[in-house]
Amino acid sequence: MTNPIVLGIETSCDETGIGIVRGLDLLANELASSVQEHARFGGVVPEVASRAHLEAMEPTLQRACATAGITLQDIDAIAVTAGPGLVGALIVGTATAKALAVALGVPVFAVNHLAAHVVVDELQDGLLPNEAIALLVSGGHSSLLSVHDGSRFDVLGQTLDDAAGEAFDKVARLLGLPFPGGPAIDAAAIEGNRDAIDFPRGLSTELDRYPYDFSFSGLKTAVSRWLTARQTAGETVSIPDVAASVQEAIVDVLTSRAVAACRDHGIDTLVVGGGVAANSRLRALAAKRCETAGLTLRIPRPGLCTDNGAMVAALGAKLLRQGAVASDLAFETSSYRPVDQG
Ligand code: KG4
Ligand code: ZN
């Protein structure tokens, strides 16, 4: 089958994503978000997310088919996020995928959300090279990966505590910025001075022991202490300066270790994926450091970085291209699904 049409279903957190691809062409990428329903709680409430997926699934699917100009009968294969994520939310997607696969008589691929965050770049920049390093930065995960054939992953390093997105979200809360914190800090930082405050770069004194790992929990504590000290002294705090300095501390560590991983492994392509890859300063600094190091940077446009259905469809299309065996319909949905275990 040349250029099969693949439907991708994403429901691991608070975004109901339906993507449709034909080969490497993106035909539709429809999203329904429940983020506003979670905002007053300051974080995603699993039960609320699951109900929202259930309500959004059918209309989002219809919208995606309309945008792509296809009917369900045109679909050749289905890919669905089977983990990691919130199980109640994932089940809405996997149950839909299984039902559609049976009804349409097409294969279904149960895919890893983290792998999809990396492979989505193929929709923008073409097939991945045989070997690449990936910096995967989302709300729940932060890792440096060695990527083989765009489909097998070895974990070189990861966060020892908070994920990068989690650090953005927690610091935003300290600053009184809305949830999700990453986009709010990104926006506030535009008016700020990134050199105003020298916040700590986690593990920077332990590079020998942790060359590719990250640690962000100390940053959150440092920001909290810094704010308390200023408030106790009655000083005015510039939110843009704090936002820009925190953002710099996070993206400085992420980009310097990603470039070091490429250099140490003799690999000339860096792929950056996950929600935090939408960050404007991360994108700028990664571009600058990759250029200096002579590396090719592949980073999807922001709409493909945060959770979406196209990334799942892209991985499904890749698996089909590689002749992978489809999943048994009894496949499991799991909150824990390491990227190096498929
Ligand atoms: O990949 P993603 O959409 O969902 C997960 O798989 O977790 O990532 C969500 C995370 C959140 O922590 C959010 O604050 C962060 O990505 N994020 C950003 C930006 N946009 C989203 N962080 C920094 N800057 C942004 N522009
Ligand atoms: Zn994600």
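The values are calculated or read from the model by the stated rules, or taken from the named source; none is laboratory data. Everything quoted here is computed from the prediction, not taken from an experiment. Cβ placement follows ideal geometry from the backbone for every residue including glycine, while neighbour counts extend to all protein chains displayed. With ligands, DNA and RNA removed, areas are computed over all heavy atoms of the protein, side chains included. Shrake-Rupley method; radii C 1.70, N 1.55, O 1.52, S 1.80 Å.
Please work out which residue is most open to solvent (accessible area, probe 1.4 Å), limiting yourself to the stretch 162-179 and to residues that are away from ligand 2 (no atom under 16 Å from the Cβ) and closer than 15 Å to residue 222 by Cα.
Filtering the stretch 162-179 for residues that are away from ligand 2 (no atom under 16 Å from the Cβ) and closer than 15 Å to residue 222 by Cα, the one most open to solvent (accessible area, probe 1.4 Å) comes out as 173.
Please work out which one of (1) among the β-branched types (Val, Ile, Thr); (2) outside any helix (DSSP H, G or I); (3) more than 20 Å from the chain's Cα centre (by Cα) is the condition residue 242 fails and give its number.
(2)
Residue 64 is checked against (1) surrounded by fewer than 21 Cβ atoms within 10 Å (Cβ to Cβ); (2) part of a helix (DSSP H, G or I); (3) touching a strand residue (DSSP E or B) at 6+ places or on another chain (Cβ under 7 Å) and fails just one. What number does that condition carry?
(1)
Restricting the stretch 259-277 to residues that are in a helix (DSSP H, G or I) and away from ligand 1 (no atom under 12 Å from the Cβ), which is nearest to residue 306 (Cα to Cα)?
Once the filter is applied, the top-ranked residue is 259.
Based on this model, can you work out whether residue 182 counts as open to solvent by less than 10 Å² (accessible area, probe 1.4 Å), within 16 Å of ligand 2 (Cβ to nearest atom) and not assigned by TED's automatic domain parsing to the domain that holds residue 41?
It is false that residue 182 is open to solvent by less than 10 Å² (accessible area, probe 1.4 Å), within 16 Å of ligand 2 (Cβ to nearest atom) and not assigned by TED's automatic domain parsing to the domain that holds residue 41.
Which one of these does residue 193 not meet: (1) modelled with pLDDT of 95 or more; (2) closer than 25 Å to residue 308 by Cα?
All conditions are met except number (2).
Any chance you could count how many residues in the stretch 235-280 are over 29 Å from residue 225 (Cα atoms) and open to solvent by 30 Å² or more (accessible area, probe 1.4 Å)?
Summing the residues that are over 29 Å from residue 225 (Cα atoms) and open to solvent by 30 Å² or more (accessible area, probe 1.4 Å) in the stretch 235-280 gives 5.
I'm checking my understanding of the structure. Among residues of the stretch 192-223 that are open to solvent by 50 Å² or more (accessible area, probe 1.4 Å) and outside any loop (DSSP other than H, G, I, E, B), which one is farthest from residue 156 (Cα to Cα)?
It comes out as 221.
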